[in-house]
Each structure stands twice: as C-alpha cells, then as structure tokens.
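Asker: Sending over a structure as structure tokens; questions will come in a sec.
All of the numbers you see were taken from the coordinates with simple rules; none came from a lab. Keep in mind that what you see is a predicted model, and the values were worked out from it rather than measured. Methodologically, a virtual Cβ is constructed for each residue, glycine included, from the backbone with ideal geometry; neighbour enumeration extends over all protein chains shown.
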C-alpha cells in the first residue's frame, strides 16, 4: 500500500499556500493546519451575490458572476462540510435561492441558464445542453445534488416542493435500467440523498460504470475516488479494491510543483480563461486529493 511521503505532502501544502485560490488556501489551513474557520467562511462569502446565490467562478468551469444552481450547490456543499447549521446566513440564503429557481414546467432545476452563454465556460455548461430534458437528465443532475442539500437542512427545505421532488426523484431512480448511463456527479450525489431505498441500484450502477483501468484515468472518466472520496462515502463499500488502486495511482500523479491536474480541458474554447480555470482546478483537486489520502490513511505521519 502506497503512502504520500512527508516531503510530497509538504510540496502539496506549499502549492496550496502559494498558488491556490484564497478559498482553497483557507480550507487547507483550517483542515490540515488547525487555522480558524473564519477566513474560510470569508473566502467563500466572496463568491456570494446579493440574491443569496453564488457565482463568480466558484465552480471554475463556469466563469459568470451571476448566481447559478451549479455554483450555489457547490457553496452549500462547502458549508455542509464545514458543519454550518441553519442559522448561517449563507446557508439560509443559498437554500432560499435554490427554492426560488425551481422550474415547475421542467419539474427540476437546471445547472445553468441562458445567461451562461455570455461568459467563458466549459463545453459541458453550454446552454443548448440544458434547455430541456432531451439532452440532459435534470432530475439526476442537478436534482440529486439539490435534494441531498435539502435533505441535510430539512428545517429550511421548502414544502411541499422538497417532498414532491423527492418522490419524483426516487421514482426516477427506480425506473433506471440496470445498464443506464448515469453521469459520475449524478451517481455520487444520488447516493448522498438520505434515507432512500435506492442504494442497491445505485451501488450496482456504480460497480458497472466505474472505470477500473488506470490507463484511462488520465482522461475524464468515472474514477473510483470520485464516487468514494472518503471511506464513509455511500458507495465506498462496493468499490473497496477499485478505490485502493486509485489511491495508489493518485499518489503517483502528483506533479513536481506539488499539485494534481484536472483530467479534462475546455477543448480549445476560451483559451485564456481556461488557463485561469485550470490553475484554480489544480488547487481544488489538490485539496480534494489530500482529503481522500488522509481519510484513507495514505499520508505518512497523518
């Protein structure tokens, strides 16, 4: 079993301190160095808009400043991981903003709206992919992500919206074919939804969809650690050997600068903006990788 060496861990920390966004830098300091929480919350608040939602490139592949479901869900996941309760203004505002942008005709949320086209973005966040349900399964993505957040802060979840959507979501998961093509984020966030009876199907889908060949992990794919980033992740128990192999592989992927790289690009679009996003993803992915390595006992001395 490989472990990240102490010098390699120091290189990762040096990269985060010198080159990561203020948010990832503050999160690393809080989680790994015992720094206070306040700077991390202040760094996250910098992405917040007056309407309570989040934008400003919080999800680096979408650069628009206005609020989006994609960025707001990302912010709320940070707040959940930081154990913020329903009294936090950012939590309350974010949940309220999500409730307000539910599309009753679609019966779900959209990650992005047409305004995304006015700003640099990755190809998969083009509005044409998100206009209707013929090219994007909105019930699963971002539906599963939003539902997991509403389930976490149930006292803030608007009723009957949350309850009705949960029923629709569970029925949709139950209707999925055993060989359905489900995106990595949809599968991960679906498994996060609390107290539902679809775990067996989701585990079976994960076992079929996960990419086991390390040679393919350099390209965008369903890597085991994306589905089971922590040992207590809902899908971890069905991916034990795959996750162990992925951890070994990730240790070998650390760059000389201490960072980990994204395994996707913007395919030539907005090249200058992609370079900014790529650098931001390096900080995000380096922090995520360190979290997983520590949680699985793969960092020397930690």
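Asker: Quick check: from the Cα gyration tensor, does region 1-104 come out rounded (a/c under 1.5), prolate or oblate?
Answerer: Because a/c hits 1.5 or more and a/b exceeds b/c, region 1-104 counts as prolate.
Asker: Give me the mean projected area, in nm² to one decimal, of the convex hull enclosing the Cα positions of the chain.
Answerer: Projected over every direction and averaged, the Cα hull of the chain covers 15.2 nm².
Asker: Roughly speaking, what is the stretch gain from residue 216 to residue 264, that is 0.36 nm per residue apart minus the C-alpha to C-alpha distance, in nm to one decimal?
Answerer: Difference between extended and current length: 16.1 nm.
Asker: So what's region 191-276 giving for Cα Rg divided by 2.2 N^0.38 Å, two decimals?
Answerer: Normalised Cα radius of gyration, region 191-276: 1.29.
Asker: Going by the alpha-carbon gyration tensor, a ≥ b ≥ c the square roots of its eigenvalues, is region 49-209 rounded (a/c under 1.5) or, if a/c is not under 1.5, prolate (a/b greater than b/c) versus oblate?
Answerer: oblate
Asker: Can you sort 235, 82 by how many other beta carbons sit within 10 Å, fewest first?
Answerer: In increasing order of surrounding Cβ atoms, one gets 82, 235.
Asker: Now a separate question. Test of understanding: in a Gaussian network model of the chain with alpha carbons linked when under 10 Å, which of 33, 166, 280 would top the mean-square fluctuation ranking?
Answerer: 33
Asker: If packing is taken as the average number of other Cβ atoms within 10 Å across a peptide's residues, how do 16-25, 97-106, 282-291 rank, most packed first?
Answerer: The densest-packed peptide leads the list: 282-291, 16-25, 97-106.
Asker: As a footprinting exposure proxy, order 296, 220 by other Cβ within 10 Å, with the fewest listed first.
Answerer: Ranked by crowding around the Cβ, least crowded first: 220, 296.
Asker: Still on this structure, I have one more. Test of understanding: in a Gaussian network model of the chain with alpha carbons linked when under 10 Å, which of 272, 108, 40 would top the mean-square fluctuation ranking?
Answerer: 272
Asker: As a test of the formula, what do you get for the chain when each DSSP H run with n ≥ 4 contributes -39,500 (n - 2.57) and the sum is divided by the residue count, at 222 nm and rounded to the nearest 500 deg cm²/dmol?
Answerer: Computed ellipticity for the chain at 222 nm equals -15000 deg cm²/dmol.
Asker: Just rank 252, 51, fewest to most, by other beta-carbon atoms within 10 angstrom.
Answerer: 252, 51
Asker: Points 7 angstrom from Cα along the Cβ direction at residue 175 and residue 77: gap in nanometres?
Answerer: 2.6 nm
Asker: Could I ask something else about it? Compare 231, 158, 256 in a GNM of the chain, Cα atoms joined below 10 Å, and give the one with the largest fluctuation.
Answerer: 256
Asker: Going out from 0 in 5 Å bins, what whole percent of all Cα-Cα distances in region 145-302 drops into each bin?
Answerer: 1, 8, 15, 17, 17, 15, 13, 9, 3, 1, 0
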